[in-house]
1. With an 8 Å cut-off on Cα pairs and a minimum separation of 6 or more residues, tell me the relative contact order of the chain in percent.
2. How would HIS39, HIS5 line up from fewest to most surrounding beta-carbon atoms within 10 angstrom?
3. Holding the Cα-Cα limit at 29 Å, pick out from LYS57/LYS84; LYS35/LYS84; LYS24/LYS74; LYS25/LYS72 the pairs that are longer than that.
4. To the nearest 10 degrees, how steep is helix 4-20 against the longest Cα principal axis of the chain, on a 0 to 90 scale?
5. For the chain, I need the span (max minus min coordinate) of the C-alpha atoms along each principal axis, in Å, sorted largest to smallest.
6. Could you give the dipole magnitude of the range 4-83 about its Cα centre, charging the beta-carbon of Lys and Arg +1 and that of Asp and Glu -1, in debye to the nearest 20?
Amino acid sequence: MHDLHLSNKILNLILKEGEKNNFKKIIEIKIELGKIIEHNQIITPENLKFNLKILAKGTIAENAKIKINSVKNKFFSLKEITGK
């Protein structure tokens, strides 16, 4: 659960972007994830995806397909969201 904070931060960005695009439903989310360490633990794509799915329940991002690409930096980037 050390990565819950980052997951919440990313979800807030996703929801803000979805609202900006007037999406009623977000269908797909693409994220680039670097080597991010929180509380002495590396955040893995699997854990990030798991937490995003839990946090997205009841939002326009619920049931969105999440694709996470690992990159060689120390940051994350919300690359793209698609919706309708």
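Throughout, read-outs are computed from the coordinates displayed, never taken from laboratory work. Here the structure is a predicted model, which is why all the values come from computation and not from measurement. Note: ideal-geometry Cβ built from the backbone for every residue, glycine included; neighbour counts use all protein chains shown.
1. On the way: 142 pairs, mean separation 40.1, N = 84.
With pairs under 8 Å counted, the relative contact order is 48 percent.
2. Details: HIS39 9, HIS5 13.
In increasing order of surrounding Cβ atoms, one gets HIS39, HIS5.
3. Numbers: LYS57/LYS84 18 Å; LYS35/LYS84 32 Å; LYS24/LYS74 32 Å; LYS25/LYS72 31 Å.
LYS35/LYS84; LYS24/LYS74; LYS25/LYS72, as the Cα separations exceed 29 Å there.
4. Computed tilt is about 30 degrees.
5. Each principal axis gives a Cα extent; for the chain these are 37, 23, 17 Å.
6. Values: 15 positive and 8 negative charges, 18 e Å.
Roughly 80 debye, rounded to the nearest 20.
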